[in-house]
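Each reported figure results from applying straightforward, stated rules to the coordinates on display, with no laboratory input. Bear in mind the structure is a predicted one, so any value in this text is a computation, not a measurement. Please note: Cβ atoms are built from the backbone with ideal geometry, for glycine as well, and neighbour counts cover all protein chains shown.
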Amino acid sequence: MMIRGFSAAALLLLLSSCQSLDEVRTARIPQGEYVPFFDADQKPVEVRSFHLDMTPVTQSQYLEFVKKNPSWRKSKIKRLFADPDYLKNWKADEQVQSEQAPVTYVSWFAAKAYCEWRGQRLPSIREWEYAALEGKRSGERGDASNDNQAGILNWYSRPGKEPLPEVAKGARNQYGLFDMHGLVWEWVFDFNSVPKSDGRSSSSEFPEDLFCAGGTGSSGDPGDYASFMRFAFRSSLKGSYTIRDLGFRCAKGES
Amino acid sequence: MRSHLMLFLSAMLLLPLPAGAQEVMEEETAVVTYAPEVPPAITRKKPAKVIVKIETRELVARLADGVEYTFWTFGGTVPGPFVRVRTGDLVEVHLSNHPDSKMPHNIDLHAVTGPGGGAASTFTAPGHTSIFSFKALNPGLYVYHCATAPVGMHVANGMYGLILVEPEEGLPKVDREYYVMQSEFYTKDKYGTAGLQPFDMEKALKEQPDYVVFNGSVGALSGDAALQANVGEKIRLYVGNGGPNLVSSFHVIGEIFDKVYGEGGTAASDNIQTTLVPAGGSAITDFKVDVPGTYIIVDHSIFRAFNKGAVAQLKVSGPENKEIYSGKIGDEVYLPEGSTLQSIFQESSSRPSASSKEERIKLGESAYKTNCMACHQSGGQGIPSAFPPLAGSDFLNADPNRAIRVLLHGLSGPVKVNGETYDSVMPALQLADEEAANILTYLYNSWGNAGHEITPEQVAEARKAGKVENS
Amino acid sequence: MKKSLLTAAFFLLAAVMPVLSAELPDNSLYQFEQEWTNQYGEKQSLESLQGKVRIFAMVYTRCTSACPLIVQAMKKIEQQLPPEAAGKIGFVLFSMDPKRDTPESLRDFVRTHGIGKDNWLLLTSNQDNVQELTAAIAFNFKEAADGVFIHQNTISVLDAKGVLVHQYPNLEDAVSEAVKGLS
């Protein structure tokens, strides 16, 4: 009896910890290889196993962070860490627009601080892209007739809605992730590893104008419009930028 | 004291960078206009610093009647604003990307001398503004467009416009100037399919557009929105081609361009019928209008005009000039040598005549294809702003007698069909009573129309009543 | 001797720091709570850089092509500054390769490229700090598979309080314009 009573308590404990985990459900992304979009040599790279949030961080989740860390309130935030549009769609410091909608109008610094507060980190560009591969496996070429790409393009080309839809309303991908496409753009840790030129660089080692003036020469796959749009979007950012359609999710595990 | 010095130093650093030792320039904000309007000619005799503010926006708007599209735009319109500067001007471009945009955008102006035409310097995330300046070195009419990857998609969604760099002495004076820009759209469903149409990447790669239009939508320059002019005026069209793929065979039906500044450059050719406008290129066409009427502007790669929307109108008002253009002055039966001395009517009477309504419809269908379909289209849907629909047509169904007379004697002047006004000419058709009866019976029994049968006797009766007077 | 003088200077700065940091503007890079290690192996906070105008660039010591050009351009700026400005301006090279760059490799870099001792700091740290710093100054870089970095060539200027006041993406411009601005 004693033992059974004890195990019941342990079970209860387990259950409650499951519930708290449930608030921030993560998916395990298995180790594997893929060919990064714009690497000149187009060789597969290895991605180690890691965990990734199933959904983008919601406004109510972010609210918890702001409550515990007042320096990240919209009224307190320092300009170094976010531009003046930070949390623009929130009515007040602790008043969200829509609880289950993804938090957007957050800077890279804010996204990073949030993930670290939760004992996590932002995914790298490679991790994110690897986890987002859909209907197209490593090494396959992008194809205009690919249904999935058509769906992605369709989202990318439609004006955003206000307020944003809630997370986890669409289909999951093969890893159980929601909303990798079709809800918001997402910050990644090394967003600034995308080649960029301001057109004046005299001797930059970055390929000139890869994403700005439209050169497709260095990309592996000129048919992969969806990737072009993601990489172009990332390369237009600075760490302090906050944008309506830009949110994030956190990762865990070795990077 | 020390910190003062620091502040002083940093203040120095904040000073705007001098762009070399230069004479002091006047500064002004550019007057920009939206198609088909063109900003007034520049009267300044000296170069100035000209500030051009352009906003990029993504929005849903009309592509054709009942058809919507998510356009990416400069200034909320397709094409974007017309910018006019003078050779030698220092042009400072402020590109603001609206906070509601999903995409970063930039601008590559073909008038720029420098890497990327300004593209890299103006690469702008949503909710931000980029600024760069360039010196307008070469006069000419230049296309600008967004050059953010994937460039094709940004252009295909509507991101282009024109910038005119006037030569120092200006362009020869004309009475009216208009801004006309051709481009094509690639939609998921075929031409005319209603609803919000997404971009179709596959069609874009194959260069098979569903829509080829002037100024961003089907009918943007037709009907009430037609370009206007008066007899005797000199007209200048600033013509651009945004592409993204097609090269335009730009033509105004019934006009000869007195001058064409080919490809938007400074050298003019005289007396041109059709001028080629490359994708990402332009032309300036000057012509004097001598005769009143409606002039149809087309891409003379002609299926684009008839089936994809590449039609615009220029309406010229004023007195007739019969010496230059007489109008129809003869209408006779033509009897080729060696043919039997039969009139057309006699000949046609030997054709099969229908013995039932069904047969009449069948014969009518083939006669429709020969005589009517080119304008009214296979499904009777007509062509927006040019030829009225016969399918579900209130005009047709209201009065069979009137319909017979229109078919036999033609019709001119404005008519209202299903709420739209059409102002074009239907020619008189040389048809036998039997043939006309068959065609009309086919029409009335197709596409949701009233179901009447028209007999040759009715046709003969209505023939006597003559042409329908229309005011 | 020089070294100890410098160290003393840092202590001095450190002493006045609390007062100064209270005045740091919201957008100052010195808002970052980051610790870096200089070429002498000493730890120092980013904040400790305040008080001087700082001309800085991101480099890595194994870099053979672009970084030497960056250093050369910065040396040209130093040489062309009027004497009265010289003492008020410091030069800083931040490593974008903290995994490989140690105080020792920083000192090697100083020797190889004939970098002056008095007015130059070379700093290395960790990946997180590098990422924050580069995100703030919109500097894009990427480690290619073979340990070679693809990066922009940018020279930036911070005012005495750590606010980014200029960025020169073109090295020739950097020399002529920075000298003009600082003279």
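For C:Lys117, a cut-off of 13 angstrom between C-alpha atoms picks up these aspartates and glutamates, skipping any fewer than 8 places away in its own chain: C:Glu78, C:Asp108.
Among the residues of B:201-207, the average count of other protein chain beta-carbon atoms within 10 Å of the residue beta-carbon is 4. Look at the alpha carbon pairs under 8 Å that are at least 6 residues apart: their mean separation over the length of chain B gives a relative contact order of 10 percent.
Assign one of three labels to chain C, namely rounded, prolate or oblate, based on the Cα gyration tensor with a ≥ b ≥ c the square roots of its eigenvalues; rounded applies when a/c is under 1.5, prolate when it is not and a/b is larger than b/c, and oblate otherwise. Here chain C falls in the rounded category.
Residue pairs exceeding 28 angstrom between C-alpha atoms, taken from B:Lys315/B:Lys467; B:Lys135/C:Lys180; B:Lys315/B:Lys464; B:Lys53/C:Lys180: B:Lys315/B:Lys464; B:Lys53/C:Lys180.
In chain B, the longest principal axis of the Cα atoms and the axis of helix B:400-409 are about 80 degrees apart.
Here the dipole of chain B is about 920 debye; that uses its Cα centre as origin and unit charges on the Cβ of Lys and Arg (positive) and Asp and Glu (negative). Mean partner shielding of peptide C:25-33, defined as the number of other chain Cβ atoms within 10 Å of each residue Cβ, is 3. Rounded to the nearest 10 degrees, the inclination of helix B:2-14 to the longest alpha-carbon principal axis of chain B is 30 degrees. Counting, for every residue in B:142-153, the Cβ atoms of other protein chains within 10 Å of its Cβ and taking the mean gives 6. For the listed peptides A:226-233, C:69-76, a ranking on the average number of other beta carbons within 10 Å per residue, highest first, reads A:226-233, C:69-76. Take every Cα pair under 8 Å whose residues are at least 6 apart in sequence, average their separation, divide by the length of chain C, and the relative contact order is 28 percent.
Translational diffusion of the stretch A:75-129 was estimated from the Stokes-Einstein equation, with Rh taken as the Kirkwood radius over Cα pairs; at 10 °C and 1.306 mPa s the coefficient is 126 µm²/s.
Listed by chain and number, the lysines whose alpha-carbon sits under 18 Å from that of B:Lys322, ignoring those within fewer than 8 places in the same chain, are B:Lys288.
So for the stretch C:59-183, taking the charge dipole from beta-carbon charges (+1 Lys/Arg, -1 Asp/Glu), which of C:Ala73, C:Val165, C:Gly114 sits furthest toward the positive end? Value: C:Gly114. Taking a 30 Å limit on the Cα-Cα distance, which of the listed pairs B:Lys308/B:Lys369; C:Lys52/C:Lys76; A:Lys67/C:Lys52 fall beyond it? Pairs exceeding 30 Å: A:Lys67/C:Lys52. The protection proxy used here, the mean number of other Cβ atoms lying within 10 Å of each residue, ranks peptides B:154-167, B:122-135 as follows, highest first: B:154-167, B:122-135. Relative contact order, whole percent, for the stretch B:59-192 stands at 28, derived from Cα pairs under 8 Å and 6 or more residues apart.
Working ranking of peptides A:55-68, B:190-203 by packing, defined as the average number of other Cβ atoms within 10 Å per residue, highest first, is A:55-68, B:190-203.
Enter the Cα centre distance for the pair the stretch B:266-331 and the stretch C:127-183, rounded to the nearest angstrom. If we compute the Cα centre of each part, the gap is 56 Å. Between A:Arg48 and B:Ala460, the modelled labels are 9.8 nm apart [label points 7 Å from Cα along Cα→Cβ]. Checking the cross-link pairs A:Lys78/C:Lys75; A:Lys91/C:Lys161; A:Lys43/C:Lys142 against a 23 Å limit on the alpha carbon distance flags A:Lys78/C:Lys75; A:Lys91/C:Lys161 as lying beyond it.
Excluding same-chain residues fewer than 8 positions from B:Lys102, which lysines have a Cα within less than 17 Å of its Cα? Cross-link targets: A:Lys88, A:Lys161, A:Lys238. Note on the stretch B:179-283: lysine pairs with Cα distance below 21 Å, sequence gap of 8 or more or different chains, count 5.
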